[in-house]
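Below is one structure, written out as C-alpha cells; the observations come after it.
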Ligand SMILES: *Cc1c(COP(=O)(O)O)cnc(C)c1O
Ligand SMILES: [Zn+2]
C-alpha cells in the first residue's frame, strides 16, 4: 500500500468466539463480552483483504511528521490500520501511548544480561500512569460508537483511574468503578476520586468486584470496559507495535510481562500472530508471563498442571479442578503487587493461546524478589509500581535458569508508574523497622538489600553538616 487513507467500514471488522470449535461471530457494533453459543471470550477480527493494510511496518513512520493530528500523535491510533474497528471520526484519544523503550545496563546487570540487551518499555508514562490507557482508548472509542452513556469496570486501581480519566476529559460518559475494600493504593484511588468517577467500594476483593460489575453492567445496561472487553485488547496490541518501532522494526527475542487478569499477555499474542499472518514480521518473540507467588493461578495451571491451549481445546477439568480448590480452601490472592493480585484471571484461555503462539513460559516471583527488582528499576532512573517489577524479577529468574540467554534481546514491560504506590516504596527504603514490618512483614519480605535509607539527624547545623559528610 502506498498512501491509502485510513478508511474503516464496519463490514470488515467483526467479533468472533475464540474457540475454533465454535467460531460464532457477531457484529462489531454489538456490546458483549462473551459468546452466546459457548460462553467463551471474543476476539475482534478483520477481513484484512478488504482493508488497506500497509505492506511494511516502516510505512507507519510517515505519521511521525503529522504529529499535530491527534490520531497520528497517539501511540495507539497511529497504528489505526492494524486495529480498524472504528471510523476515525469516532476515535476518542487523550494522547496515550507516548511511551519510551529504554535500554538500561543497570537493570540488565542485575538480571544478568549482556551489555545493551535489556530494554524496559515504560508504560507508566501514559496519561493516567499505566498501560491501561492503551486499551481504554480503544474500548472507550467502541463505547462511543455504540452510543454508551455510562461505562463501568472492576479494578485493582489502574483500570478505574484510566476509565475515570477518559470519562472526565471527553465528557462523553459517566464512569462507574467497582473496587475491593482496603486493597487499592492511594495513588490510584485518588485519581478515580479526582476525576469524578462514581466509586463503589465493595466489601470483598478484586475477584468479588469483578463478578459484581459483570452482573450490574448486564442488569443496568452499562458498558463494561474490563479486559473481557475484546476492544481493549486491540488497543493494547500497540504496546508491541511501539516496541518494534523503537527497535527499528527488529523483533526482540523475549517479551516479559506481569500477569494479572492476563489481558496484556493475550493482546501481545494477538499482535504478533496478526503481524506474522500479514507478513509484516518474519518471526515472533517468546513470551514470559510473570505471576506474583501470592496470586499464581496461571503458573499453577500452565507450569504445574500442564494446562495448554491445545488448539482451542484446553482441558476444562484442570481449570475447574483448580477453581474448586480455590473455593474450598477459601484461598485469596495476596501480594504487595496489588495490580496482579488476582486469582481468577478472566483472560485465561486467551493467554493460553498467546503462550502457544509465542512459545511462552510462566514463572512466579515472591514479593521480596518483586521489591528488590523494583528498587533496581528505580535506581535506573525510571521507577515503577510493584506489579511492574515482577517482569524484571521474572526475567532474572529465567536468566538464572538459562532459559533466557545473556545475548538475547529482552524487553520487560513496566506496566505502571512509580508514584502509583508510594507506600510500598517508602516502606522498602525506610529506616524504621516497625514501619517496614507493618507494611511488608506479613508479605514475607524480610530484607531490603537495595534500600536507600533517609538519614535521621537532630535539628542542629553542626550535626547536619557532619551527617552529610559522613554519608557522602
Ligand atoms: C492491570 C495491571 C497489570 C496486569 O495486567 P493484566 O493485563 O491484567 O494481566 C500489571 N501491572 C499493572 C501496573 C497493571 O495496572
Ligand atoms: Zn463460542
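Eigen-decomposition of the gyration tensor built on the alpha-carbon atoms of the chain gives equivalent ellipsoid semi-axes of 35, 25, 24 angstrom, largest listed first. Rg of the Cα atoms in the stretch 73-124, relative to 2.2 N^0.38 Å, amounts to 1.64. Do the sum for the chain: with -39,500 (n - 2.57) for every DSSP H run of n ≥ 4, divided by all residues, what is the mean residue ellipticity at 222 nm, to the nearest 500 deg cm²/dmol? Calculated at 222 nm, the ellipticity per residue is -11500 deg cm²/dmol. Bridges between two residues of the stretch 248-369, per DSSP, are antiparallel at a rate of about 10%. Computed from the C-alpha gyration tensor, the three semi-axes of the ellipsoid equivalent to the stretch 425-465 are 26, 10, 6 Å, from longest to shortest. Ordered by the number of other Cβ atoms lying within 10 Å of each residue's own Cβ, fewest first, 48, 309 fall into the sequence 48, 309. Each of 167, 22, 153, 38 has some number of other Cβ atoms within 10 Å of its Cβ, and from fewest to most they run 38, 22, 167, 153.
Only Cα pairs under 8 Å and 6+ residues apart enter the sum, and on that basis the relative contact order of the chain stands at 16 percent. Kirkwood-type hydrodynamic radius, the stretch 136-241: 13.5 Å, calculated from all non-identical alpha-carbon pairs. Placing R0 at 35 angstrom, the Cβ-Cβ distance between residue 324 and residue 215 gives a FRET efficiency of 0.95 after rounding to 0.05.
Available extension along the chain between residue 48 and residue 253 is 71.1 nm, counting 0.36 nm per residue and deducting the alpha carbon span. Peptides 95-102, 336-343 ranked from most to least packed, by the mean per-residue count of other Cβ atoms within 10 Å: 336-343, 95-102.
Counting beta carbons within 10 Å around each of 94, 177 and listing the fewest first gives the order 94, 177. Mean projection of the Cα convex hull over all viewing directions, computed for the stretch 198-289: 7.5 nm². One Cα centroid belongs to the stretch 384-423, the other to the stretch 91-142; the line between them spans 12 Å.
With both partners inside the chain, how many of the DSSP beta bridges are antiparallel, as a percent to the nearest 5? Within the chain, antiparallel bridges account for around 30 percent of the total. Ordering of 127-138, 178-189, 311-322, 265-276 by packing is 127-138, 265-276, 178-189, 311-322, highest average first (other Cβ atoms within 10 Å, averaged per residue). Potential lengthening of the chain between residue 61 and residue 454 amounts to 136.9 nm, from the contour at 0.36 nm per residue minus the alpha-carbon distance. On a 0 to 90° scale, report how tilted helix 230-246 is relative to the longest principal axis of the chain, with both axes built from alpha carbons and the result rounded to the nearest 10. The answer is roughly 70 degrees.
Relative to the longest principal axis of the Cα atoms of the chain, the long axis of helix 132-145 makes an angle of roughly 30 degrees.
Relative protection proxy for 439-452, 393-406, from highest mean packing down: 393-406, 439-452 (other beta-carbon atoms within 10 angstrom). Computed log10 I(q)/I(0) for the stretch 130-195 at 0.12, 0.20, 0.26, 0.29 Å⁻¹: -0.26, -0.71, -1.14, -1.35, from the Debye equation with unit scatterers placed on every C-alpha and solvent omitted. The angle separating the long axis of helix 316-328 from the principal Cα axis of greatest extent in the chain is about 40 degrees. Shown here is the pair-distance distribution of the stretch 358-472: with all Cα-Cα distances grouped in 5 Å bins from zero up to the longest one, the shares run 2, 11, 18, 19, 16, 13, 10, 6, 3, 2, 1, 0, 0 percent. Over the stretch 246-299, the hull volume per residue, using the convex hull of the C-alpha atoms, is 83 Å³.
Taken together, the values in this text are just the output of simple stated rules run on the coordinates, not laboratory data. Everything numeric in this text was worked out from a predicted model, so none of it was measured. Please note: Cβ atoms are built from the backbone with ideal geometry, for glycine as well, and neighbour counts cover all protein chains shown.
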